[in-house]
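Report on the following structure.
No lab work stands behind these numbers, since they all come straight from the coordinates. Just so we're clear, the structure is a prediction, and the values are computed from it rather than from any experiment. When we count neighbours, we look across all protein chains shown, and the Cβ atoms used for this are built from the backbone with ideal geometry, even at glycine.
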């Protein structure tokens, strides 16, 4: 136990590119090295999508004009700013630096603790800042503080002079930080509807569709409210496939969905009858005249600043620097966290056992009746992995890395523990790794997986996510923990907090950005499987 703990530090570490991990006796040390590498790779991805660089590359002032990509806006003491989201503080700091003396005033709504976190990182607003900062949405949920911020933003927008330029900074978390429910719905009633959907496992796309039709600002309505000014929206994506109409519920993007779509979503997840009466009345009322669907958005320029594509590219480069042959499997992982995690483990086993037909992974999607597309992968996945396996076999070093981006869901049913999708996925993957080893005489395997939210927050917990490896569950059971029960109860936060003094918990605080979840899978093919075990591996049955 002490050996496990003392080798789990977080210090930076590098090894020669062609070093082979040794076999069984060094497994704990190898796991420690992989842990350091996984965390270093994850941080590389997050640092690549911090907003400052993207803002600087997008905004510039030239000869009395504000340049935004191909568009130019004449400057005349007429630039204002609003923002809402987890990455907005850093976006706003850089925007004010670029527009120093030009920006007249701004208001932003950011998560609780943002200002203290910025102080820790040494990045702060100018002493003469013209931006008012409101903190709210404790535990990623809309609250009264966020409501006050939203009301201030609305008052501010309505007061702007005709023809002004309004910069709107948007990132993940913006929905919770801009709560402005349609009257007479209260924040508590609206949150009740959203909680019902989240507990039912509804993806963020469906949740945000319902959100938009219960809000006075989402679904393009903020742009309608500000139709007397020119809007420039700078957006960081936290949703699979980067749909601008869904990020932060699309406050400056025209909405093509209808209230009927929202009602059908509530019916789909069997929660319509559980919703507050005010919510149902709003959704069953006719579409208001002049809704976002009917408006022209010629006064709006929407700009996608960042997505997880940049993060995954930087992570791949870092993994290769550390000596791993690396492949980015998908930017769009989705579906249930537990299922998505189990599928990742089957892919690892197929590669580790040099199974060119990927029979385990193919059998998994057939038996679970889950198309690859629903899990967020393309039909070309197995062909790409076959090329990857061939390249591994040709290499002297067989250190391998999978990178995965996206966002899963957790269906809570009646069991409500404390956790988040990343911690739940890690625990599910750990159990699957352990079950595999149980079936094959606890053979040594060097596999380490880190699953964490790029925003530093996984669900209503202080953790970004968690790490698992080939030996975690074996040790947890020997320490009288019950990981199977914790997974069933969606209590992954408790498990990782208790396990080995929290050494596999990944707690980093708000990162200042948000491009969904980032998963790093590291494994070593130099764990030599005896021929008999290779034959027996074909009998492995995933959960």
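An oblate overall shape is assigned to the range 268-353, the ratio a/c of its alpha-carbon gyration tensor axes (a ≥ b ≥ c) being 1.5 or greater and a/b not exceeding b/c. Extension gain for the segment residue 485 to residue 439, taken as residue separation times 0.36 nm less the Cα-Cα distance, is 14.5 nm to one decimal. In plain terms, the chain from residue 268 to residue 280 could stretch by 2.8 nm, reckoned as 0.36 nm per residue minus the Cα-Cα distance.
Note on residue 396 and residue 29: the model spin-label points, each 7 Å out from Cα along the C-beta direction, lie 2.1 nm apart. Taking every alpha-carbon pair under 8 Å whose residues sit at least 6 apart, the range 183-302 reaches a relative contact order of 35 percent. With axes computed from alpha carbons, what is the tilt in degrees of helix 381-394 against the longest principal axis of the chain, rounded to the nearest 10 within 0 to 90? Computed tilt is about 50 degrees. Where a ≥ b ≥ c are the square roots of the eigenvalues of the C-alpha gyration tensor, would you call the range 107-198 rounded, which needs a/c under 1.5, or, failing that, prolate if a/b is larger than b/c, or oblate? Judged from the Cα gyration tensor, the range 107-198 comes out oblate (a/c at least 1.5, b/c at or above a/b). Distance between the modelled labels on residue 116 and residue 241, one decimal in nanometres: 4.0 nm (7 Å Cα→Cβ projection). Compared with the direct C-alpha span, the chain from residue 411 to residue 359 gains 15.9 nm at full extension, assuming 0.36 nm per residue.
Which of 327, 46 comes first, and how do the rest follow, when ranked by fewest Cβ neighbours within 10 Å?
Lowest to highest Cβ neighbour count: 327, 46.
Each eigenvalue of the Cα gyration tensor of the chain, multiplied by 5 and square-rooted, gives one semi-axis; in descending order these are 43, 26, 21 Å. Pairwise Cα distances in the range 165-225 exceed 19 Å in 30 percent of cases. Counting only DSSP beta bridges whose two residues both lie in the chain, roughly 45 percent are antiparallel.
Work out the FRET efficiency for residue 205 and residue 141 from their Cβ-Cβ distance, taking R0 = 25 Å, and round it to the nearest 0.05. For R0 = 25 Å, the calculated efficiency reads 0.85. Only helices enter the 222 nm calculation for the chain: every DSSP H run of n ≥ 4 contributes -39,500 (n - 2.57), and dividing by all residues gives -12000 deg cm²/dmol, rounded to 500.
Averaging the sequence gap over all C-alpha pairs within less than 8 Å and six or more residues apart, then dividing by the number of residues, gives the chain a relative contact order of 17 percent. Site pair residue 227 and residue 100 shows an inter-label distance of 3.9 nm when each label is modelled 7 Å from Cα along Cα→Cβ.
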